[in-house]
Amino acid sequence: MTFVQNSINKIKYYFILNRGTLSKYGVYQIFYSVYRKYYAILTQYYSFGRNNVVCPACGYTGRKFVKGRTGPKCWSSARHRLLALYIKNIQKLSPDCRILDIAPNISTGYIFDKRIYRNYASVDLDSPVADVHADLTNLSIKDNVIEFIVCYHVLEHIKDDTKSMQELYRVLKSGGTAILQVPFSGANDRTFESDDYDSTDRAMNLKLYGHPTHVRRYGKIDYLAKLESSGFEVQMDTYVNSFSEHEVAKYGLDKNEVLFVCRKR
């Protein structure tokens, strides 16, 4: 099963990296449909036996997560499962809440079920599953209208992340909340950006940042300062620490995940 998963993940990686071009010809949409069917088979496979784990994003129960990390039904990662728990237990969004999901995926589609959240909208530069195609540095959204924003592992792909943060602040309603997550490099507090970065040299970017389309490695202190300089009031929420070890294993959470909960006065 591991060999099959690794092979399919390599194919998936190629399609994601070339999503914009492939979507023009309908190839990415076909891949996306096939990949979802593959995960449907995985869901059945991992559902046999004892229900050791639960995905709070989609409700999946089964023996384990794929490779101990990924939800087989909704492709959730630990960060998405923590988000689902945070919204359910802490944020408690109303059905009328105006929600903006940046770079949507299947798991956020479950979390923000449109049958419940009537004013949910998703934005991405070129994803065929997004409601709107737009550049995060130039959103065609009015000022002060969005009540809740989710932006997970997007800003590290954008060269002008400051402009993106300012745009998210601009569209966020006064009193609104944005959860803006990025990956961090170990315990580093300082952000690393190299002069050797080249958007066309993915091998170099992989070596520099650990991902072929990342443009930096964030440090927590620098990231916090950049969010605050964009206008946000930021709380570094260690909500994950409220769960017992049993619950962390049950929900497949990452004990190191810190939520950057950003608010606008």
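A short reminder: the numbers here are calculations on the coordinates, not readings from a lab. It should be emphasised that the depicted structure is a prediction, and the values quoted were computed from it without experimental measurement. With ideal geometry, Cβ positions are generated from the backbone for all residues, glycine too; neighbour counts draw on all protein chains shown.
General observations
- Projected label distance in nm at V132 and Q44, using a 7 Å step from Cα toward the beta-carbon: 4.0 nm
- Legend: calculated FRET efficiency, S94 to H246, from the Cβ-Cβ distance at R0 = 35 Å, rounded to 0.05, equals 0.65.
- Length, then width, then depth: along the principal axes, the Cα atoms of the chain run 50, 42, 37 Å.
- Sorted largest first, the spans of the alpha carbon positions of the stretch 198-251 along the three principal axes are 44, 33, 13 Å.
- The order of the peptides 123-132, 172-181 by mean Cβ neighbours within 10 Å, most packed first, is 172-181, 123-132.
- Within a Gaussian network of the chain (alpha carbon springs, distance under 10 Å), most fluctuating of Y110, Y25, Y223: Y25
- This model, with +1 at the C-beta of Lys and Arg and -1 at the C-beta of Asp and Glu, gives the chain a dipole about its Cα centre of some 1080 debye.
- Residue order, fewest to most beta carbons within 10 Å, for F112, F192: F192, F112
- Taking the average, over residues, of other Cβ atoms within 10 Å as the packing measure, peptides 211-217, 114-120 rank 211-217, 114-120 from highest down.
- Ranking of C58, C262, C97 by neighbouring Cβ atoms within 10 Å, starting from the fewest: C97, C58, C262.
- Calculated FRET value between I116 and N144, using beta carbons and R₀ = 35 Å, to 0.05: 0.90
- Sorted by Cβ neighbour density within 10 Å, fewest at the top, the residues D161, D96: D96, D161
- Greater than 19 Å apart at Cα, pairs in K220/K255; K24/K73; K64/K88; K64/K114; K88/K250: K24/K73; K64/K88; K64/K114
- Angstrom value of the Kirkwood radius, inverse mean 1/r, which spans all Cα pairs in the stretch 55-189: 15.6 Å
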